[in-house]
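Below: one structure, written as structure tokens.
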Amino acid sequence: MLSNNKYVVIEGIDGAGKTTQKKLLIDYLHSNNQTVCDIKEPGGTLLGEKIRQIIKDSKIIRSPESDFELFNICRRELAQQIISQELTLGHWVICDRNWFSSVAYQGFGQGLPVDLIINQTKKTLKKLFLPDVSIIIDLPVKIAFDRLNQRQQDMTNDSFESKGPIFYQKVRDGYNWLVEQYSIYKIDGQLSIEKNNQAIINFIQD
Ligand code: TYD
């Protein structure tokens, strides 16, 4: 076994609150003198960061297959260069997104066959296919869009955030499908930040 139940992934649609909950969880682990590796997909390695720039650029036209392959390359490097080493050292690995995003965005959102994504990912990640703790923050699409608009970020440049609510509803459905298939803890992104932070800590302690 590579890990001692310390590989945690936090997932959800853009605007669900992953970044906030990840930060609070990491603060909690640090206050308990734990060493934490803080990562996010796509990115985290030199190759991953280069590919991230391509992925985020909506002017670079790609098919869903190419999108998935780009994410999968990032994922392979992150697993091999970072995650496996960190877990072997006994550190926590807290990751913002993993292949669940590919199922939700490229599969449910963009129409790529979900079994293709899952089979390819199993080959790529092997023992790291399933995290020890998987958390999905669920949020209605309308509320997610309101939050994203408030952040006043440049929505036009981002490949996925510039897609509309119909796309995001499919993505949300994808996450709910994943919750039915795998052992994933679903939390309600409409609850307060503090409540969800406590729920995540309780779940990890269990
Ligand atoms: P990013 O700015 O990292 O979004 P966030 O901070 O909300 O995680 O952009 C990554 C985008 O890529 C995001 O819209 C989700 C999308 N994505 C996929 O479509 N498939 C994937 O496999 C992954 C990891 C991300």
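Read the figures in this text as sums done on the coordinates, not as results from a lab. Given the structure is predicted, the values throughout are model-derived calculations rather than measurements. No Cβ is skipped: glycine too gets one built from the backbone with ideal geometry, and neighbour counts run over all protein chains shown.
In the chain, the DSSP-assigned H stretches of four residues or longer account for a calculated mean residue ellipticity at 222 nm of -14500 deg cm²/dmol, using -39500 (n - 2.57) per stretch and the full residue count as denominator. A Stokes-Einstein calculation at 25 °C with viscosity 0.890 mPa s, built on the Kirkwood radius of the chain over Cα pairs, returns a diffusion coefficient of 142 µm²/s. Measuring how big the range 1-106 is from its alpha-carbon positions, Rg and Dmax come out at 14.4, 45 Å.
Based on the mean of other Cβ atoms within 10 Å per residue, sort peptides 49-60, 75-86 so the most packed one is first.
Per-residue Cβ counts within 10 Å, averaged per peptide and sorted highest first, yield 75-86, 49-60.
Near Lys186, the amide H atoms lying under 5 Å from its own belong to Ile136; only residues 5 or more places off or on other chains count, and H is placed 1.01 Å from N.
Across the range 7-205, Cα pairs under 8 Å and at least six residues apart give a relative contact order of 33 percent. Listed by chain and number, the lysines whose C-alpha is less than 22 Å from the C-alpha of Lys18, apart from same-chain residues fewer than 8 away, are Lys6, Lys40, Lys56, Lys142, Lys163, Lys170, Lys186, Lys195. By the count of other C-beta atoms within 10 Å, a proxy for reagent exposure, Glu180, Glu69 are ordered fewest to most as Glu180, Glu69. Listed from fewest to most Cβ neighbours within 10 Å, the set Phe71, Phe203 follows the order Phe203, Phe71.
At the listed q of 0.15, 0.24, 0.25 Å⁻¹, the Debye profile of the range 118-206, built from one uniform point per Cα, gives log10 I(q)/I(0) equal to -0.78, -1.20, -1.22. In summary, the aspartates and glutamates within cross-link reach of Lys126, defined as a Cα separation below 19 angstrom excluding same-chain residues under 8 places away, comprise Glu41, Glu69, Glu77, Glu86, Asp115. Relative to the current alpha-carbon distance between Arg151 and Lys23, full extension at 0.36 nm per residue lengthens the span by 44.3 nm.
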